[in-house]
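Structure first, commentary second.
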Amino acid sequence: MYNMNESQHPPIDQTGNDPWRVPRYLLRAPLLVVHGITAGLIAIFILNPFVADIRIGSTTLDKLAVNWWSGGLLRICGFRVRRFGEPLSGAVLYVANHISWLDIVLLQSQRRMNLIAKSEIARWPYIGWLAARSGTIFHRRGSTDSLAAVMSRIVERLRSGKAVGVFPEGGSGRGPRIGTFHARIFQTALDAGVPVQPVALRYGRDGRQDPRVPFGVTEGFFTNFLRIIGGPPLDAEIHFLDPVPAMPDARRRMAEESRARIVRALGYSDD
C-alpha cells in the first residue's frame with residue numbers, strides 16, 4: 001500500500017506537451033465506441049430480472065457482466081487497477097472519497113453495487129439510461145426532500161441484500177485533500193443493520209494523485225472525458241479498508257472515523 005505525502009514528489013507535468021496524445025485518441029476512441037455499444041447490450045439482455053441472477057460459479061451473471069465491463073472501460077482509458085484489501089460480501093454500505101466520474105466505474109469493477117449519483121446524470125443521453133438500468137439512485141443536490149427519498153431507497157436496497165456505494169463528501173474533490181464526510185448518510189447503515197466499509201480511491205503514479213483526472217473548476221464532463229482518454233497510462237488504486245464499528249448514538253464519529261481511515265490509507269495530510 002502506498003503511504004506517502006504528496007509533497008514528497010515533484011509535480012506531475014501538465015504542460016500538454018505529449019506527442020502520444022493523438023495516437024492514444026486514435027487507438028482508444030474506436031474501442032470506446034464498441035465498449036459503449038456493449039454496455040447497451042448488457043443493460044438490455046443481462047440487467048433484467050429474468051437472467052440477472054443466473055449463477056456463474058460463485059457469482060451471478062449481472063455481477064460478472066458489470067465487473068467485466070467496468071474493468072474493460074478503465075483499461076481502454078489507460079488505467080491499471082490496483083486493489084488493496086477485499087470488499088465485504090453481502091449487504092454493505094461502501095463510503096468512498098470522490099475524485100472523478102471514474103469512481104463509479106472503479107467501484108463497479110470490483111464489486112457490483114448500487115451507487116448514488118447527481119440527478120443531472122439521469123438526463124444525459126444514453127449514459128443516464130445506462131445508469132438507471134444498473135440500479136443508480138439519483139439525488140437532487142440541495143433538496144431535503146430528495147435526500148430523504150434517497151436515504152429511504154438506500155435502506156430498502158440494503159435490507160434486500162444489495163450493496164450500496166456513496167460519496168459522503170457530497171461532491172468531487174480536485175486534489176490530495178478529502179472534504180468533510182456528511183454524517184446523515186451513515187444512518188442508512190444503522191437502520192438497515194449492515195456494516196460500513198470505507199474505500200480509498202486514487203488515480204496516478206507512485207502514490208500521488210494525478211491532477212489531470214479530477215474536474216477543473218469550471219470544467220464539464222465532456223472536456224474532462226476527452227482529457228482522460230488522451231492521457232498517459234496511470235494506476236487506479238482502490239483500497240478496501242477495515243469496516244467501521246456501528247455507533248448508533250454517534251453518526252458523526254462514524255463519518256469522521258471513515259474519513260480518517262481513508263486519509264491514512266492514501267497518506268494525505270489531514271488539515
Inspect all residues belonging to the range 166-175 and state whether any of them is at pLDDT 95 or above, closer than 16 Å to VAL95 by Cβ, part of a strand (DSSP E or B) and hydrophobic (A, V, I, L, M, F, W, C). yes
When restricted to ARG205, ARG177, ARG227, the only residue within 14 Å of SER100 (Cβ to Cβ), of a type in the set (D, E, K, R) and over 16 Å from the mean Cα position of the chain (by Cα) is ARG227
The lone exception for ARG253 - which of (1) touching a helix residue (DSSP H, G or I) at 6+ places or on another chain (Cβ under 9 Å); (2) assigned to a helix (DSSP H, G or I) it fails: (1)
Checking PHE215 against (1) crowded, with 19+ Cβ neighbours inside 10 Å; (2) aromatic (Phe, Trp, Tyr); (3) not in a helix (DSSP H, G or I), which single condition isn't satisfied? (1)
Subset of the range 34-77 (residues that are of a type in the set (Val, Ile, Thr) and either exposed (fewer than 13 other Cβ atoms within 10 Å of the Cβ) or touching a helix residue (DSSP H, G or I) at 6+ places or on another chain (Cβ under 9 Å) (or both)): VAL34, ILE37, THR38, ILE42, ILE44, ILE46, VAL51, ILE54, ILE56, THR59, VAL66, ILE76
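The rows are residues; the columns are (1) aromatic (Phe, Trp, Tyr); (2) in contact with a Ser or Thr (Cβ under 9 Å, 6 or more places away or on another chain); (3) under 21 Å from PRO232 (Cβ atoms); (4) at pLDDT 95 or above.
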| residue | (1), (2), (3), (4) |
| --- | --- |
| PHE50 | yes, no, no, no |
| GLY57 | no, no, no, no |
| THR60 | no, no, no, no |
| GLY72 | no, yes, yes, yes |
| ARG75 | no, no, yes, yes |
| VAL81 | no, yes, yes, yes |
| GLY85 | no, no, no, yes |
| SER89 | no, no, no, no |
How many residues of the range 104-121 are under 20 Å from ARG264 (Cα atoms) and at pLDDT below 95? The answer is 0
Tally up the residues in the range 230-250 that are of a type outside the set (Asp, Glu), outside any strand (DSSP E or B) and either in contact with a Leu (Cβ under 7 Å, 6 or more places away or on another chain) or loosely packed, with under 13 Cβ neighbours inside 10 Å (or both), please. 5
For the range 85-109, give me each residue that is assigned to a helix (DSSP H, G or I) and farther than 18 Å from ARG157 by Cβ. LEU102, ASP103, VAL105, LEU106, SER109
Condition set touching a Phe, Trp or Tyr at 6+ places or on another chain (Cβ under 9 Å) and surrounded by 22 or more Cβ atoms within 10 Å (Cβ to Cβ), scope the range 186-207, selection farthest from ALA265 (Cα to Cα): answer is VAL196
Is there a residue in the range 127-143 that is outside any strand (DSSP E or B) and on the phi > 0 side of the Ramachandran plot? yes
From ARG112, ARG82, grab the single residue that is exposed (fewer than 15 other Cβ atoms within 10 Å of the Cβ) and not in a helix (DSSP H, G or I). ARG82
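The values are calculated or read from the model by the stated rules, or taken from the named source; none is laboratory data. All figures in this text were calculated on a predicted structure; none of them were measured in a lab. Neighbour counts are summed over all protein chains in view; Cβ atoms, including those assigned to glycine, are modelled from backbone coordinates with ideal geometry.
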